[in-house]
Amino acid sequence: MALMATRTNFFRLLTTKAPILGSVSYSNGLKRPVRVDRGGGARLTSPYSTSAVAQQPESGIIGSRPPHMGLEILGVKDYEDYRRSLYGEITHKALLVDAVGTLVVPSQPMAQIYRKIGEKYGVEYSEAEILNRYRRAYEQPWGRSRLRYVNDGRPFWQYIVSSSTGCSDSQYFEELYNYYTTDKAWHLCDPDAERVFKALRKAGVKVAVVSNFDTRLRPVLHALHCEQWFDAIAVSAEVEAEKPNPTIFLKACELLGVKPEDAVHVGDDRRNDIWGARDAGCDAWLWGSDVHSFKEVAQRVGVHV
């Protein structure tokens, strides 16, 4: 997908393995105050975040339902037993998976790639300068659309690249943009992903990707030979809704033919993935905290790999 990385710890990804023009998690284009992200950067708060939800009655939340009797209250085993008492041995009919930061990660730090490709186009900023300028540009409101990732996302990424590097050369942008559509730019987080997803689908559990990304996500998954692992792909640029907006999760469930309460979403961003999925009525597990591998995800669903 993209040029940039998305997800949970957006700035954590940026400073370590963040993609370049990749995707990150911003929502529905409304004017929102900036808050400090635990990764050290700033983020715009969303009307779908928990902080916003706390300011309005529960009945006014899109896709809301009573709070989960989940991991926050019960232990993991108790929660799994609770789900099985309701749904049987296999606790969920569908698994929704975040893309950047959960399924895939950038292979090299964003600033490193921006500078490496940009040198022949006259980019002189250091990697640290590129990263700082990128952060400042990304934090600014994107006024052309309520969504950052519209169709192929080119206008947004052209703004980000030129702001980050000081270079507006169209050839530089196209080379950088296209790089993030190749298998050189990304690799799988979990080498066992294919085996696990096949086992889940064989057991009757449907699997979908749910991602804040532009239309390059499908070519990225194709380049990594994993597009066929999924029953559906819900991309924010196509759905016209970005996490944590519940709409994108509801669309994924619609594509899979399941009810939200029958699905569990796994992602690495607490606001966009966990709060967003729960606002849609789905179960949700935080990648890197609640679960650490797709094999663990499958086991908790009730499928042994």
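In terms of solvent-accessible area of protein heavy atoms at a 1.4 angstrom probe, what is the ranking of 265, 292, highest value first?
Descending accessible area places them as 292, 265.
Computing the accessible area with a 1.4 Å probe over protein heavy atoms, can you report the carbon and sulfur percentage for the range 107-215?
On the range 107-215, the fraction of accessible area on carbon and sulfur atoms equals 45 percent.
Mind checking which lysines have their C-alpha under 30 Å from residue 116, skipping anything on the same chain fewer than 8 residues away?
Within reach: 17, 184.
Sequence neighbours fewer than 8 away in the same chain don't count; with that in mind, list the aspartates and glutamates whose C-alpha is under 20 Å from residue 77.
Candidates past the 8-residue exclusion: 89, 261, 262, 283, 290, 296.
Ranked highest first by average number of other Cβ atoms within 10 Å, how do 107-118, 92-103 line up?
Ranking the peptides 107-118, 92-103 by packing returns 92-103, 107-118.
Would you kindly compute the Cα radius of gyration of the range 107-184 and its largest Cα-Cα separation (Dmax), both in Å?
Gyration radius and largest Cα-Cα distance of the range 107-184: 12.1, 34 Å.
Among the aspartates and glutamates, which fall within straight-line cross-link reach of residue 120, defined as a Cα-Cα distance under 12 Å, with same-chain neighbours fewer than 8 residues apart omitted?
169, 175
Send over a whole-number figure in Å² for the accessible area per residue of the range 107-184, probe 1.4 Å.
51 Å²
The values are calculated or read from the model by the stated rules, or taken from the named source; none is laboratory data. Because the structure is a prediction, the values reported are computed rather than measured. Every residue, glycine among them, receives a Cβ derived from its backbone with ideal geometry; neighbour counts consider all protein chains shown. The protein model used for the area step is the full one, side chains on, heavy atoms only, and it has no ligands, DNA or RNA in it. Shrake-Rupley method; radii C 1.70, N 1.55, O 1.52, S 1.80 Å.
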